[in-house]
């Protein structure tokens with residue numbers, strides 16, 4: 001899908017008359033610009049048209065609208081934290097890619113939490129944890145959740161403190177050394193990475209901090225709607241993140257490139273697709289023209305020949321562009337990070353977003369309890 005469509009393409013996709021298209025434009029529902037090749041003609045924003053087409057396909061049935069909300073469809077929850085808008089990731093009105101040029105994860109947390117005080121993920125005591133990784137993160141976060149205060153009826157500033165404590169625990173569990181330095185520097189020290197590598201880690205953490213209502217964030221919000229402790233909300237998010245269709249995609253992308261080096265890119269791609277597996281590291285429903293997070297990271301990462309050949313072969317075979325999971329795979333290989341570093345970076349960064357959404361959900365005081373559409377047997381009356 002191109003980012004901008006001609007008038008004829010827009011009319012065909014919406015199956016409407018020209019005056020209806022112009023009405024959508026006048027109401028601000030479809031973006032329009034002059035055609036660069038011919039200023040007398042107009043072009044129409046493709047993602048606006050796709051969203052309208054989805055709504056029209058669902059019709060006005062409440063059931064259809066509700067069901068569409070669970071699969072890249074209608075917005076289901078109001079939030080002021082982040083959104084994906086016309087191919088851009090926005091954090092509380094700020095472009096996330098621009099923010100990532102200089103901001104730390106701590107500064108990003110301050111923005112996403114709308115905090116009145118500086119945020120710190122300091123760990124000033126030497127950790128007794130000898131091993132780091134996802135199992136350690138689960139164990140320590142579970143212990144913190146079991147001891148935590150319920151989130152209902154507490155001021156946002158107190159919930160922010162809980163979120164900072166839980167994120168600090170995650171950081172040390174995932175490989176960060178002790179200290180009060182920004183968490184990307186402590187991660188780099190724990191992974192024996194130089195200053196340039198530390199800055200790449202910083203940038204990745206900021207870009208991964210939040211992503212609207214993804215699966216793990218939704219899980220965290222559901223937990224928060226019950227009044228669960230903030231650490232328990234993060235635990236719900238972490239459990240959801242580990243799935244191969246979510247935070248595990250970066251590690252899967254590394255597996256794909258290993259296959260490509262062993263079998264050749266074309267053979268590896270054919271085998272993955274033949275087994276009905278989406279290609280990890282490529283394409284994204286919200287970014288048909290390419291993931292801006294990956295585009296922001298990749299220019300600064302030394303991409304090896306194996307990844308380059310895979311990238312070119314996937315583009316030729318499918319038309320899909322690299323996404324942030326591909327960039328994390330490249331970062332991991334370039335800096336010689338632990339094999340599960342993509343998931344670790346995702347988990348640590350996204351804990352900031354989970355906290356922001358948990359606080360927003362708690363303060364909204366609204367439960368999340370959708371109804372199911374039952375299609376099983378009713379039984380005797």
Point to revise | Flag if residue 326 is in contact with a strand residue (DSSP E or B) (Cβ under 8 Å, 6 or more places away or on another chain) and modelled with pLDDT of 90 or more | key: yes
**Study point:** Filter result for the condition that a residue is in a loop (DSSP other than H, G, I, E, B), in the same structural domain as residue 278 (by TED's automatic domain parsing) and in contact with a strand residue (DSSP E or B) (Cβ under 8 Å, 6 or more places away or on another chain), over 320, 337
**Key:** 320
Review point. Given the residues 219, 166, 195, which is the only one that is buried (at least 24 other Cβ atoms within 10 Å of the Cβ) and modelled with pLDDT of 95 or more?
Key: 166
Check your understanding: Picking from 114, 76, 71, 66, which residue would you name as being more than 25 Å from residue 3 (Cβ to Cβ), at pLDDT below 90 and assigned to a loop (DSSP other than H, G, I, E, B)?
Key -> 76
**Study point:** Scan of region 182-210 for residues that are touching a residue at least 12 places away in the same chain (Cβ under 8 Å), out of contact with any helix residue (DSSP H, G or I) (no Cβ under 7 Å at 6 or more places or on another chain) and part of a loop (DSSP other than H, G, I, E, B), ordered by number
**Key:** 191
**Study point:** Sole residue being in contact with a helix residue (DSSP H, G or I) (Cβ under 9 Å, 6 or more places away or on another chain), in the same structural domain as residue 211 (by TED's automatic domain parsing) and surrounded by fewer than 18 Cβ atoms within 10 Å (Cβ to Cβ), chosen from 141, 152
**Key:** 152
Check your understanding: Does region 324-340 include one or more residues that are exposed (fewer than 15 other Cβ atoms within 10 Å of the Cβ) and closer than 28 Å to residue 190 by Cα?
Key -> yes
Review point. Which members of region 1-48 meet the condition of being touching a helix residue (DSSP H, G or I) at 6+ places or on another chain (Cβ under 8 Å), exposed (fewer than 14 other Cβ atoms within 10 Å of the Cβ) and not in a loop (DSSP other than H, G, I, E, B)?
Key: 18, 20
Practice item. Return a yes/no flag: does region 305-313 have any residue that is part of a loop (DSSP other than H, G, I, E, B), modelled with pLDDT of 90 or more and out of contact with any helix residue (DSSP H, G or I) (no Cβ under 6 Å at 6 or more places or on another chain). Key: no
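Yes/no per residue for (1) assigned by TED's automatic domain parsing to the domain that holds residue 136; (2) outside any helix (DSSP H, G or I); (3) farther than 30 Å from residue 147 by Cα; (4) free of Cβ contacts under 8 Å to residues at least 24 places away in the same chain:
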| position | (1), (2), (3), (4) |
| --- | --- |
| 220 | yes, no, no, no |
| 227 | yes, yes, no, no |
| 237 | yes, no, no, no |
| 247 | yes, yes, no, no |
| 255 | yes, no, yes, no |
| 261 | yes, no, yes, no |
| 287 | yes, yes, yes, no |
| 298 | yes, no, yes, no |
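The values are calculated or read from the model by the stated rules, or taken from the named source; none is laboratory data. This structure is a prediction, so every number in the text was calculated from the model and none was measured. Positions of Cβ are generated from backbone atoms using ideal geometry, with glycine treated the same way; all protein chains shown enter the neighbour counts.
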